[in-house]
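Take a look at the structure below.
Each reported figure results from applying straightforward, stated rules to the coordinates on display, with no laboratory input. Please read all numbers here as calculations on a predicted model, not as lab measurements. Because the Cβ atoms are built from the backbone with ideal geometry, glycine has one as well, and the counts that use them run over all protein chains shown.
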Amino acid sequence: TIEKTIQKTLTKLGVQNLNQGTSTGSNFFGNGEIIESFSPVDGNLIAKVTTTSKDDFETVIETAQDAFKTWRLKPAPQRGEIVRQFGLKLRELKQPLGELVSYEMGKSLQEGLGEVQEMIDICDFAVGLSRQLQGSTLHSERPGHRMYDQYHPLGIVGIISAFNFPVAVWAWNTALAWIAGDVCIWKASEKAPLCSIACQNIIADVLKENNLPEGISCIVNGDYKVGEYMTTDKRVALISATGSIRMGKIVAKTVAERLGRSLLELGGNNAIIVTPDADIKMTIIGAVFGAVGTAGQRCTSTRRLIIHESIYDTVKNSLIDAYKQLSIGNPLDEKNHVGPLIDKAAVEMYKNALQQVVEEGGNLVVEGGVLSGEGYESGCYVKPAIAEAENHFEIVQNETFAPVLYLLKYSGDVENAIEIQNGVVQGLSSAIMTNNLREAEKFLSQAGSDCGIANVNIGTSGAEIGGAFGGEKETGGGRESGSDAWKVYMRRQTNTINYTTELPLAQGIKFDL
Ligand code: NAD
């Protein structure tokens, strides 16, 4: 049945099985090697995708450069109209695209649909924004002069995305980049290439219907080597890269070497602080969803719970009970809470983490393990685990991209919990569960959480598109999506206009001829 559903889904999205890969719109081509996409849901091979060779990449860049010349001249609100139409197409195709995300990546169908909803939301946001790309009017110190600043498009934006959000991250970037007047080249994760081809088909239709050049949206496929074509190429003005800290450190260096711009959205090590004033029921829901949702493969997944000693046992026992109720299995079946990890390498990483936490002195209170047998044939299903640990353990300091939750204990004031929370290299998402105003405000103050996202009485996982999304420290410092994140996709220009017949110089400098 799954195969039939997926086949229908692929047809609706115009995704055939072979020879798709590089695209500058509706024409797919590619001369690189073939990569295979396996579903972690059932282990089946779902597609073979042709990757992008260096020559293909050159064609893509040239097509994008040409498209930019047309696209940048279109008034921003008209660019917004294209994004509006794209949002409408996504509404029509929400179900099949959500199913493909779920099948190719392994997240639950609800989360797959949620990801497409995020794409729709960012389109709506971008449409409004296309009439609000505001600069400021400034007062000149010289008489008869006017100053203002304005924003212009950058050119080509290169997007490198991770496997865990195979469609939404692209839309977060493209929707804003397009209304800004940029054109985009996307290198999706080699672990979810079909999703990128499906998205490309959708935007290619919109562009064709509007007689616009294909190169406004391009995709390239392949692993890090294809990513490097983009990061090393000075014709790509901005690299927006989402993925591991390891990848971000390489990309940052490569792009900086050519003085390009980069926007980095890297790993997190997110914690919830649970104070004696926390609502325990809310805490458990937030923590369990945060730790096991998407099988712990969100950048905002909850990795650490920092619990006050006075309520530690209550929270621990409630969590153990809650974990007993989790059902693990096919993510397309809505009854299941937890789906598979992305591949067997991820399963190995999960097993190693459980072994390491014990070796470092931790104590597994929910043991975990790999599932086998009927329904688990792909070998990618694991049981969510909980370990009592200490913040300084090496394994706790690193992001394990799997459903492993660490319980850490604190005593005394909330400052002690904040110190533990901040005591890691990552700085993406953080939360405090408390009904105590003083604790909440301390957590949000300049002496509080050092993360890009800090929440009160909601968990760490997930975010709305209206806010700027991203994190500090080794999470990379980038911001995407809402608020004024659009400015990253544009270059700022300061303009001074003299409407007199004199030429006074700034700072009163005299230069008589
Ligand atoms: P990854 O770093 O292995 O790969 C991410 C992307 O980078 C892939 O497309 C990959 O091909 C590419 N890449 C890898 N090395 C490269 C290089 N040297 N040059 C150019 N491109 C290169 O990450 P992953 O396993 O796909 O995703 C999981 C990671 O992503 C986690 O650490 C997670 O926290 C992070 N993530 C962060 C955010 C965020 O917004 N902060 C969102 C989603 C995922």
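Can you tell me the Rg and the Dmax, both Å, for the Cα atoms in the chain?
24.4, 91
Tell me, what ³J(HN,Hα) does each residue in the stretch 487-498 have, in order and in whole Hz, if you take phi through Karplus 6.51 cos²θ - 1.76 cosθ + 1.60 with θ = phi - 60° and put x for Gly and Pro?
Listing the rounded values in order: 4, 5, 8, 9, 9, 9, 10, 9, 10, 10, 10, 9 Hz.
As an exercise, find the ratio Rg/Rh for the stretch 69-200 from alpha-carbon atoms, using the Kirkwood inverse-distance average for Rh.
1.11
May I ask for the equivalent-ellipsoid semi-axes of the stretch 452-496, computed as the square root of five times each C-alpha gyration tensor eigenvalue and listed largest first in whole Å?
Gyration-tensor ellipsoid for the stretch 452-496: 27, 12, 8 Å.
If you take the square roots of the eigenvalues of the alpha-carbon gyration tensor of the stretch 240-337 and sort them as a ≥ b ≥ c, do you get rounded (a/c under 1.5), prolate (a/b over b/c) or oblate?
It is oblate, given that a/c is not under 1.5 and a/b is not larger than b/c.
Starting with the highest mean, order 446-457, 160-171, 315-326 by the number of other Cβ atoms within 10 Å, averaged over the residues of each peptide.
So the peptides 446-457, 160-171, 315-326, ranked by packing, come out 160-171, 446-457, 315-326.
Determine which lysines satisfy two conditions relative to LYS94: a Cα distance under 20 Å, and not lying fewer than 8 residues away in the same chain.
LYS4, LYS8, LYS12, LYS107
If the reach is capped at under 12 angstrom between alpha carbons, list the aspartates and glutamates near LYS351, excluding any in the same chain fewer than eight residues apart.
GLU367
Name the residues whose placed amide hydrogens come within less than 5 Å of the amide hydrogen of LEU405, ignoring near sequence neighbours (fewer than 5 apart) on the same chain.
Placed amide hydrogens put ALA385, ILE386, ALA387 under 5 Å from LEU405.
Between LYS234 and ARG491, 0.36 nm times their residue separation minus their Cα-Cα distance comes to what?
Between LYS234 and ARG491, full extension yields 90.9 nm more.
Within the stretch 293-361, list the GluC sites (Glu not before Pro) lying in a DSSP loop whose Cβ has at most 16 other Cβ atoms in a 10 Å radius.
Those satisfying the criteria are GLU309, GLU334, GLU360.
Strictly greater than 17 Å: what percent of every Cα pair in the stretch 316-454 meets that?
66 percent
Listed highest first by mean packing, meaning other Cβ atoms within 10 Å per residue, what order do 36-46, 295-305 come in?
Final packing ranking: 295-305, 36-46.
Post the alpha-carbon centroid distance, the stretch 100-145 to the stretch 180-230, in whole angstrom.
Rounded to whole Å, the Cα centres lie 18 Å apart.
Can I get the semi-axes of the stretch 124-221's equivalent ellipsoid? Compute them from the C-alpha gyration tensor as square roots of 5 times the eigenvalues, in angstrom, largest first.
Square roots of five times the eigenvalues give 34, 15, 11 Å.
Which residues' amide hydrogens lie under 5 Å from the amide hydrogen of ASN44, considering only partners 5 or more residues apart or on another chain, with H built in the peptide plane?
Answer set, sorted by chain and number: SER39.
Given labels modelled 7 Å from the Cα in the Cβ direction, how far is it in nm from ARG91 to LEU45?
Taking the simple label geometry, ARG91 and LEU45 are separated by 4.0 nm.
Please list the non-local residues whose amide H lies under 5 Å from the amide H of VAL382, H modeled 1.01 Å from N, same-chain partners needing a gap of 5 or more.
Residues meeting the amide H criterion: LEU341, LEU371.
May I ask you to derive the relative contact order of the stretch 386-513, considering only C-alpha pairs under 8 Å and at least 6 residues apart, and to give it as an integer percent?
17 percent
Using a ≥ b ≥ c from the Cα gyration tensor of the stretch 315-355 (square roots of the eigenvalues), is it rounded, prolate or oblate, where a/c under 1.5 gives rounded and otherwise the larger of a/b and b/c decides, a/b for prolate?
Taking the square roots of the gyration eigenvalues as a ≥ b ≥ c, the stretch 315-355 is oblate.
Taking square-rooted eigenvalues a ≥ b ≥ c of the alpha carbon gyration tensor, is the stretch 33-133 rounded, prolate or oblate, where a/c under 1.5 means rounded and, failing that, a/b exceeding b/c means prolate?
It is oblate, given that a/c is not under 1.5 and a/b is not larger than b/c.
Normalise the Cα radius of gyration of the stretch 192-301 by 2.2 N^0.38 Å (N = residues in it) and let me know the number.
In units of the 2.2 N^0.38 Å rule of thumb, it is 1.49.
If R0 is 56 Å, what FRET efficiency do you get for ASN416 and TYR148 from their C-beta distance, rounded to 0.05?
0.70
Output the direction-averaged projected area (hull surface divided by four) of the convex hull of the alpha-carbon atoms of the stretch 371-428, in nm².
For the stretch 371-428, averaging the hull's shadow over all directions gives 5.3 nm².
Once whole DSSP H runs in the chain are found, which of them have Cα atoms spread over 24 Å or more along the helix axis and a mean Kyte-Doolittle score of at least 0.0?
Flagged H segments are 109-129, 193-209.
Where does the stretch 416-513 land on Rg(C-alpha)/(2.2 N^0.38 Å)?
Ratio of Cα Rg to 2.2 N^0.38 Å: 1.77.
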